[in-house]
Structure formats: structure tokens, C-alpha cells
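The values are calculated or read from the model by the stated rules, or taken from the named source; none is laboratory data. Since the structure is predicted, the reported quantities are computational estimates derived from the model, not experimental observations. Cβ placement follows ideal geometry from the backbone for every residue including glycine, while neighbour counts extend to all protein chains displayed. These accessible areas exclude ligands, DNA and RNA; they are computed on the full protein's heavy atoms, side chains included. Shrake-Rupley method; radii C 1.70, N 1.55, O 1.52, S 1.80 Å.
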Amino acid sequence: MRFRIYRLDPETQARPSWREYDVRLEATDRKVLDALERIRTTLDDSLAYRRSCREGVCGSDAMNINGRNALACITPLEGLSEPITLAPLPGFPVIRDLIVDMTQFFAHYHEIRPYLITDEPPPERERLQTPEERAKLDGLYECILCACCSGFCPSYWWNPDKFIGPAGLLQAERFIVDSRDRATAERLAFLDDVYKLYRCRTIMNCTEVCPKGLSPSRAIEHIKLQQLRRST
Amino acid sequence: MRLFSGQRAFVVQRLSALVLLAFLGGGALRLAFGPPASLDQWQGWVAQPLGAAAVLLFALAVLAHAWVGIRDVVLDYIHPLPLRLTILGLSAIGLALLAAWTTLVLVSHAL
């Protein structure tokens, strides 16, 4: 199977390049990550990429596969047109080959204060929710922060330092709708900014590529509607 | 709503879109079911206070919608501050002149 992979070693290369590989796969090699492992063990041990859980839970191996962001470990090789083109997440600074610098991405994540904020005294056991309150978190809490969405968002490409991006905003919504959180007004006020939230142009690439089937664009629209309700 | 919030532009964009939709929809119905027969009839309609107000509201909605769009494009793509301020300033002046000119034309017809 033929691959075309983005290569950059900042210690030896001033500019990135593309390298072609023709790799013989085994019958057990079903996913893109299997092929990358095969390339590294049989053809080129200098190829760098992140991977950890191998089953779509950790989000480490997010990359651009044939022009679309996805997790290499859960993307089947079957059906991909050759040569299969692998590139780092668009819009992210490249550290080496398919490894990108996620510093800015996680800075935005921390900016939205991804934890419950409450001044109520801790209960003896857990803070209870009704089934309806708990159901509001569905479609939000499952985010694994792989950055497929933010790396496919043109608004994030143009203003990565200021726009929080779809992943961070989905997480913000997760805490805004949490019945146990008492900082909803502060959270909404923090996001009422030309850049932080309102750079979203509803392009919906984020929803299109989310490997967990989540909808950051719906979460973003919900945040905007709640801000509108509070200000009228 | 804060003066420089992101929400203000969001609201202006959507409200102006509703005005445009209403005017264009109403205009299309009027043209479909009772189009003015001559230029004099057109001018007569615009010269009435209600017609002039509707056209003025439409023109202001177009300009407000255009302002939000231009501002969004500039915020997205133009990063050097002097260039950004220049483009926004020139756009604001241009749109304000268009608003003034439209108002002048409508008032001169209505009087």
C-alpha cells in the first residue's frame, strides 16, 4: 500500500518535505495507525507520530488523513484512496513529522475553567443530579480533546491565539449546562468577546470531523443563545 | 450587553438579516401581484412616508449587515493593526456616506 507522509525534522530541515512509502501490510493491519507502525518497524524508524491507547480514547494520534482530520487508530485503511496522504493537524505548529504542538490548544482549554465551580459546601457523598439534568451533559462530556475539530476550523487557523476554538467551546458548554455548576453567568460573560466565541462563523467543519460524533457547532450556538437570553 | 462584546455584532447581523428578508419578500410579492406600471408610480411609492421609511430601513439594514461582514473579514484575515484600522476606518466612512446619500435621496423625493 502506498503512503505519502509529511516529514519535518527541525534539526536537519529548514522546510518540510513529503516522503513516499510503499509498505507491505500484514493481514492484521486494518487501521491507518497499524500501517504507520508497519512503516516505522520495517521501512523508516525515524518517522515520528503520537499514539497511546490504539482505540480512539486517548486522542493522541489525530492527524490529517487524505485531507480530513481523523484518529489514525480508528480510521480503516479500506476505502482510502492511494497514495494515502498523512499530514499533521492543519493550523498547529509542527514539532516533528506528524507531531504538533498542542500548547495553545490546551491553554484555551484551561481558559474556560474546565471544572465545577461552586461555593456550596461539599456534600457527604456526591452532588446529585436528576436524570434530566444529567442527560444535558450527553454529547458534551465525551470529548477526548484530540483537536480534530479545532485543527479543521478555518476560524481557528486564522486566530489560534484568540479564538478558543470548537473543542474549548464544547467543553465550556459542558460546564455551562451542568446543574451543579454555580458560575454560569461568569462563564457566559467571559465568552462574550469578539474573538473568544464570536469568531465562529458556523462553518461546521468541527461537527463534520469529530471522531466521537459530537457537535461543537451546536454547543457554540447554544452558548450564543444563552448569552442572548441573559442579556434581554 | 457590553459595548464591545461579540454579541452586539451577532445581534445586529441577525436583526438586519430579518429586515432584509422581510423587505425582499414583501417586494417580491408586490412585484408578482401588483407591479408599478411606470417610473412615476415607482417614484410615487417611494415619495410616500411609508414607502420612504421602508426603503430607508432596508438601506440601513443592508449597510449594517455589510459593516458586520466587512468587520468579520478584517478581524479574521487582516492582522497588522495599522492596516486593520485603515480598512475599518475607510469602510465605516464609505458606509456612512452611503447612508447619508440614501437618506438625502429619499428625503428629497419625499418633500
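Observations on the structure shown:
- Evaluating residue B:41 against the criteria (1) more than 21 Å from the chain's Cα centre (by Cα); (2) in contact (Cβ under 8 Å) with a residue 24 or more places away in the chain leaves one unmet condition, (2).
- Per the listing B:52, B:61, the residue uniquely part of a helix (DSSP H, G or I), farther than 30 Å from residue B:6 by Cα and among the hydrophobic types (A, V, I, L, M, F, W, C) is B:52.
- Restricting B:71, B:30, B:8 to those that are in a helix (DSSP H, G or I), within 14 Å of chain A (Cβ to nearest Cβ), open to solvent by 70 Å² or more (accessible area, probe 1.4 Å) and of a type in the set (Lys, Arg) reduces the list to B:8.
- Single residue of A:125, A:201, A:182 found to be outside any helix (DSSP H, G or I) and touching a Pro at 6+ places or on another chain (Cβ under 8 Å): A:201
- Checking each residue in the range A:35-69 for being touching a Lys or Arg at 6+ places or on another chain (Cβ under 7 Å) and either assigned to a strand (DSSP E or B) or among the acidic types (Asp, Glu) (or both) picks out only A:61.
- Lone unmet requirement of (1) surrounded by 11 or more Cβ atoms within 10 Å (Cβ to Cβ); (2) more than 14 Å from every other protein chain (Cβ to nearest Cβ); (3) within 21 Å of residue B:8 (Cβ to Cβ) for residue B:89: (1)
- Any hit, the range A:147-168, residues being under 12 Å from the mean Cα position of the chain (by Cα) and either charged (D, E, K, R) or on the phi > 0 side of the Ramachandran plot (or both): yes
- Any chance residue A:163 is buried (at least 19 other Cβ atoms within 10 Å of the Cβ), within 14 Å of chain B (Cβ to nearest Cβ) and among the hydrophobic types (A, V, I, L, M, F, W, C): yes
- Within the set A:60, A:17, A:52, the sole residue that is closer than 16 Å to residue A:6 by Cβ and out of contact with any helix residue (DSSP H, G or I) (no Cβ under 8 Å at 6 or more places or on another chain) turns out to be A:17.
- Test for residue A:200: is it within 14 Å of chain B (Cβ to nearest Cβ) and open to solvent by less than 30 Å² (accessible area, probe 1.4 Å): yes
- Exactly one residue among A:146, A:210 is touching a strand residue (DSSP E or B) at 6+ places or on another chain (Cβ under 7 Å), more than 25 Å from residue B:68 (Cα to Cα), modelled with pLDDT of 95 or more and away from chain B (no Cβ under 14 Å), and that residue is A:146.
- Candidates A:50, A:19, A:15, A:2 - the one that is of a type in the set (Lys, Arg) and closer than 18 Å to residue A:71 by Cα: A:50
- Just one of the numbered conditions (1) touching a strand residue (DSSP E or B) at 6+ places or on another chain (Cβ under 9 Å); (2) aliphatic (A, V, I, L, M); (3) within 14 Å of another protein chain (Cβ to nearest Cβ) is not true of residue A:189: (1).
- Single residue of the range A:1-14 satisfying the filter (more than 26 Å from the chain's Cα centre (by Cα) and either under 16 Å from residue A:95 (Cβ atoms) or in a strand (DSSP E or B) (or both)) that is modelled with the highest pLDDT: A:2
- Checking residue B:82 against (1) surrounded by 12 or more Cβ atoms within 10 Å (Cβ to Cβ); (2) over 30 Å from residue A:223 (Cα atoms), the condition it does not meet: (1)
- Test result for residue A:84, touching a Leu at 6+ places or on another chain (Cβ under 8 Å), in contact (Cβ under 8 Å) with a residue 12 or more places away in the chain and under 30 Å from residue A:161 (Cβ atoms): no
- In the range A:214-222, the condition of being part of a helix (DSSP H, G or I), more than 22 Å from residue A:157 (Cα to Cα) and not polar (S, T, N, Q) is met by at least one residue.
- Residue count, the range A:216-232 (criterion: within 9 Å of another protein chain (Cβ to nearest Cβ) and more than 19 Å from residue B:12 (Cβ to Cβ)): 0
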